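These notes are about the structure you will find just below.
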Amino acid sequence: MIYELRQYVPAPGKAEALTRRFRENTLPLFRKLKFKVVDFWETTDGKGELWYVVEWPDEATMKTAWDDFRANPEWIATKKVTEADGPLVASLQAHTLRRASYFKP
């Protein structure tokens with residue numbers, strides 16, 4: 001099992017729109033596509049950053065799932081509509097992680 005930690009920094013003035021897109025479109029589409037989002041956070045500093053973790057069986061599955069997501073007609077249409085006035089994301093970081101063998105939750 002691997003985990004993917006993703007961080008989204010909203011473009012200036014777009015934090016609310018980015019949150020709305022995740023709430024109304026992205027997360028429901030993730031559920032349809034069987035993405036296993038194990039947790040989701042918003043920063044408390046008012047900057048509107050979004051962080052979340054997705055659980056994957058392996059890196060090949062992760063890559064295929066993201067390729068399928070980016071090619072999904074529902075996502076393409078959502079992105080087009082929600083970014084009509086410009087991009088919502090200033091930067092995105094994704095890190096692939098595995099649980100340390102010496103850590104026991």
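Can you give the angle from 0 to 90° between the axis of helix 73-82 and the longest principal axis of the chain, with both taken from C-alpha atoms, to the nearest 10?
50
Extension gain K32-A84, at 0.36 nm per residue separation less the Cα-Cα distance, in nm?
Numbers: separation 52, 0.36 × 52 = 18.72 nm, distance 2.46 nm.
Result: 16.3 nm gained on full extension.
When only C-alpha pairs under 8 Å and at least 6 residues apart count, what is the relative contact order of the chain, in percent?
Details: 139 pairs, mean separation 50.4, N = 105.
The value is 48 percent.
Output needed for the chain: three equivalent-ellipsoid semi-axes, defined as square roots of 5 times the C-alpha gyration tensor eigenvalues, in descending order, whole Å.
Values: eigenvalues 121, 66, 23 Å².
Working through the eigenvalues yields semi-axes of 25, 18, 11 Å.
Of V81, V54, which has the most accessible area and how do the rest follow, probe 1.4 Å? Walk me through the intermediate numbers first.
Values: V81 110, V54 0 Å².
Per-residue accessible area, sorted high to low, gives V81, V54.
Counting Lys +1, Arg +1, Asp -1, Glu -1, what net charge surrounds V89 among other residues with beta carbon under 14 Å of its beta carbon?
Numbers: positive: R6, K14, R20, R21, K47, R70, K79; negative: E16, E49, E83, D85.
Cβ neighbours under 14 Å give a net charge of +3.
Quick check: the angle from helix 59-71's long axis to the longest principal axis of the chain, C-alpha only, nearest 10 degrees?
Approximately 10 degrees, to the nearest 10.
Residue by residue, what Karplus-based ³J(HN,Hα) values in Hz, rounded to whole numbers, does region 46-52 have, using 6.51, -1.76 and 1.60 with θ = phi - 60° and x for Gly and Pro?
Taking θ as phi minus 60°, the curve returns x, 7, x, 5, 10, 10, 8 Hz for region 46-52.
Please compute the net charge surrounding E24, taking Lys and Arg as +1 and Asp and Glu as -1 over other residues with Cβ under 14 Å from its Cβ.
Values: positive: R20, R21, R23, R31, K32, K79; negative: E16, E74.
Around E24, the surrounding residues sum to +4.
Mind ranking M1, M62 by accessible surface for me, highest first, 1.4 Å probe? Don't skip to the answer; put the middle values down first.
On the way: M1 125, M62 20 Å².
My answer, sorted largest first, is M1, M62.
Go ahead and set up a Gaussian network model of the chain, Cα springs under 10 Å, then flag whichever of T19, T82, T64 fluctuates most.
Among T19, T82, T64, the largest GNM mean-square fluctuation belongs to T64.
Which residue, K32, K47, K80, tops the fluctuation ranking in a GNM of the chain built on C-alpha contacts under 10 Å?
K32
The values are calculated or read from the model by the stated rules, or taken from the named source; none is laboratory data. All values reported here derive from a predicted model rather than from experimental measurement. So basically every Cβ, Gly included, is an ideal-geometry build from the backbone, and we count neighbours across all protein chains shown. For the accessible areas, the whole protein counts, side chains as well, though only heavy atoms, and no ligand, DNA or RNA atoms are used. Shrake-Rupley method; radii C 1.70, N 1.55, O 1.52, S 1.80 Å.
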